[in-house]
Amino acid sequence: MAVLIFKPIEKCNSNCAYCETIPKRQDKTASYELLELLFKKIGEYLKEYPQEEMMFTWHGGEVGLLGAEYLERAYEFQNAHCGGYQNRIQHLMQTNMTVMTQAHMDALKLLKIDFIGTSFDPLPNIRGFGKNRDSQKYNQQFFEGARLAEKNGIKWGVIYTTHKKSVGKAMEIFHYLDNMNPGSPPYFHQLRNYRDSLNELSMTGEEYADFLGEIFAYYWKRRNIHGNVRPFSWWIQTVLHDKPASTCEMSGECANRWFYIGPEGEAGHCGISGDYGVFQYGNIYDNSIAEILFHKNRTEIATRKAALMESACKGCRFWGMCHGGCPVGAYMVNHDLNMPAPSCVAFKIFMEKYFEPITGKSVNMPAAKEQGGCC
């Protein structure tokens, strides 16, 4: 399945402390011309590759600011240019939910979106409106949007970005997020710090590991009650049930699967690469989706896995779970794709200090074993 991260808008109504889009201070929105062209290219791709599917992920900025009409036009363009292929297109959306209206909900239903990904922080003034990050008003509008989604039969789930101010508050944050939406357990993600202005919010790998570890010690005994809290559920599935599961960042298979399209048609490797302007592959105006997915400049990412198995990650018993981590993250920090991503530090600490002692299961998935097919 090809995964498109489409960021048609960079503007946002919020001023979240760790946002990677706001610092650009850009006010670009993809035109209807670009939107229609994108669906033309998707139709051509699905016709050329009859076994393929497309995951169309709406991202931003804040996509709610596009308005319901924009989403309705997307539905019209999809019908016009992807005739017979609509059942091979799945739409997802990431939104802060603070500007959602009933018109938005009706448009989401046209695109068969039944789940919204969102972000939330119970700590004050991390996510909020205006210079002072008014989190009280933000939270009020967030929950109004959440209730509206539920009223329309659309589920929602929270990605929580852990940061320096999260340290020491793991259980407080977990219980808040778990109680506010029991039907969709949270996903805890470490803040990426690729710019100096985030230093005061950046947490160390050990701090992130300890944050996860405190929650995991509680969660492990109650996992049947709390459900698929991520990343725990992925790692439990991989180690205890021999069914590999992970994010794109830890899959080792992102080279020719993900792609990004920005508000002016610029193409890149993924949403993260789009935020930072790295690993760019032309423009949708000039290139087909296949040309973007299999661009010659993806070669180094495609060969990264093999290179790591023979160098920095050789013999690592956690290889079958993390595969060296996110290539973009590795490049941003090390300026070298053939180095492990910074997330590997936290991952190893968590596995050795918490996961293995608590579960009683030792991890042994080195590269050689994965090559042999046992993992």
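The values are calculated or read from the model by the stated rules, or taken from the named source; none is laboratory data. Model, not experiment: these values are computed from the prediction. Heads up, the Cβs are rebuilt from the backbone with ideal geometry, glycines too, and the neighbour counts pull from every protein chain shown. Side chains included, ligands, DNA and RNA excluded: accessible areas come from the protein's heavy atoms. Shrake-Rupley method; radii C 1.70, N 1.55, O 1.52, S 1.80 Å.
Taken together, the residues in the range 79-106 that are crowded, with 16+ Cβ neighbours inside 10 Å and over 24 Å from the mean Cα position of the chain (by Cα) amount to 3. Restricting attention to the range 306-365, and to residues there that are in a helix (DSSP H, G or I) and of a type in the set (Asp, Glu), which single residue is most open to solvent (accessible area, probe 1.4 Å)? Only one residue fits best here, namely GLU352. Against the condition farther than 23 Å from ASN139 by Cβ, more than 19 Å from the chain's Cα centre (by Cα) and of a type in the set (Asp, Glu), how does GLU200 come out, does it pass? In short, no.
Within the option set GLU36, GLU20, being assigned to a loop (DSSP other than H, G, I, E, B) and charged (D, E, K, R) holds for one residue only, GLU20. Selection of first residues in the range 53-80 that are within 22 Å of GLY271 (Cα to Cα) and of second residues that are among the hydroxyl-bearing types (Ser, Thr, Tyr) and assigned to a helix (DSSP H, G or I), restricted to Cβ pairs under 9 Å at least 6 apart or on distinct chains, gives the following pairs, ordered by first then second residue: MET54/TYR45; VAL63/TYR70; TYR70/TYR32. Number of residues in the range 217-227 that are over 19 Å from SER184 (Cβ atoms) and open to solvent by less than 30 Å² (accessible area, probe 1.4 Å) equals 0. Is at least one residue of the range 107-115 assigned to a helix (DSSP H, G or I) and open to solvent by less than 50 Å² (accessible area, probe 1.4 Å)? Looking for residues that are assigned to a helix (DSSP H, G or I) and open to solvent by less than 50 Å² (accessible area, probe 1.4 Å), one finds at least one in the range 107-115, hence yes. With the requirement that a residue be in a loop (DSSP other than H, G, I, E, B) and open to solvent by less than 20 Å² (accessible area, probe 1.4 Å), what does the range 137-180 give you? Across the range 137-180, the qualifying residues are ILE154, HIS163. Selection over the range 228-265 of residues that are under 23 Å from PHE355 (Cβ atoms), open to solvent by 40 Å² or more (accessible area, probe 1.4 Å) and aromatic (Phe, Trp, Tyr) gives a count of 1. The residues of the range 226-256 that are in a helix (DSSP H, G or I) and out of contact with any helix residue (DSSP H, G or I) (no Cβ under 8 Å at 6 or more places or on another chain), listed by number, are TRP234, GLN237, CYS248.
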